[in-house]
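Worksheet: one structure, shown below.
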Amino acid sequence: TACVTVADYLFKSTIAADVPASELGMYFGAIAFALNVVSLIVQVALVNVIVRRMGVSGSLVVLPFLLFGLGLGMMVTASLVAAIAIKAADGSLRYSLHRTASELLFLPLADEARRHTKSFTDMVAHRGGQALTAIGILVLTSTAAPSYVLAGILVAIAGAWMACAISLRAPYL
């Protein structure tokens, strides 16, 4: 949650800085449309193949791996292209591949444990992670931190996310 919140901020702040205000609505709309189409294609055509080949923990590594690499690109270039690539990875995979693999993590749990764990994750972890990350972004942006600092934070969080996803393999199996 923290990683994609930082990614979303980097995307929106870069777009706002590089695209004229009169074109922002059309720009955001076109990107949202394209990402939803790509996400649908990934969901229908690729998720099953990726999960079968890579397994649940391997599938959970794909999004943070891409955000890690693209975050490095954003650190170096601070470009509009890098920001759009970050959003493309997030927008095309978070609600397709990553969501499916995340849901599969809950299957081995007993019904009661699954319900409680999922409720906690959805309500507390996701919303709490967004709130804490938003506070961090507010603090950093109030000090006029350059985008490469936020990109570095994105890289660090994505690296930790990858490590967590990889560490799930043995306990999940």
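One table, with the values for the structure above:
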quantity	calculated
Sequence ranges 153-161, 111-119, ranked by mean other-Cβ count within 10 angstrom, highest first	153-161, 111-119
Principal axis box of the chain, alpha-carbon based, largest edge first, Å	51, 35, 26
Solvent exposure of segment 21-173 as accessible area per residue, Å², 1.4 Å probe	58 Å²
Helix-only [θ]222 nm of the chain, DSSP H runs n ≥ 4, -39500 (n - 2.57) each, per residue, nearest 500	-26000 deg cm²/dmol
Most to least packed among 13-26, 44-57, 77-90, 96-109 [average Cβ atoms within 10 Å]	77-90, 96-109, 44-57, 13-26
Calculated SAXS-style log₁₀ I(q)/I(0) at q = 0.11, 0.16, 0.21 Å⁻¹ - segment 93-173, Debye, Cα scatterers	-0.42, -0.81, -1.15
Cα long-axis angle, helix 147-167 against the chain (0 to 90 degrees, to the nearest 10)	10 degrees
Extension gain from Met54 to Asp122, taking 0.36 nm per residue of separation minus the Cα-Cα distance	22.0 nm
Fraction of accessible area attributable to carbon and sulfur, the chain (%, probe 1.4 Å)	71 percent
Euclidean distance of C-alpha centroids, segment 58-133 and segment 1-49, integer Å	14 Å
Label point 7 Å beyond Cα of Ile166 along Cβ direction - residues of segment 38-62 with amide nitrogen under 17 Å	54-62
Length added when fully stretched, Ala156-Arg114, from 0.36 nm per residue minus Cα-Cα	12.2 nm
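The values are calculated or read from the model by the stated rules, or taken from the named source; none is laboratory data. For clarity, every value in this text was computed on a predicted model and none was experimentally measured. When we count neighbours, we look across all protein chains shown, and the Cβ atoms used for this are built from the backbone with ideal geometry, even at glycine. SASA here: full protein model, heavy atoms, side chains in, ligands and nucleic acids out. Shrake-Rupley method; radii C 1.70, N 1.55, O 1.52, S 1.80 Å.
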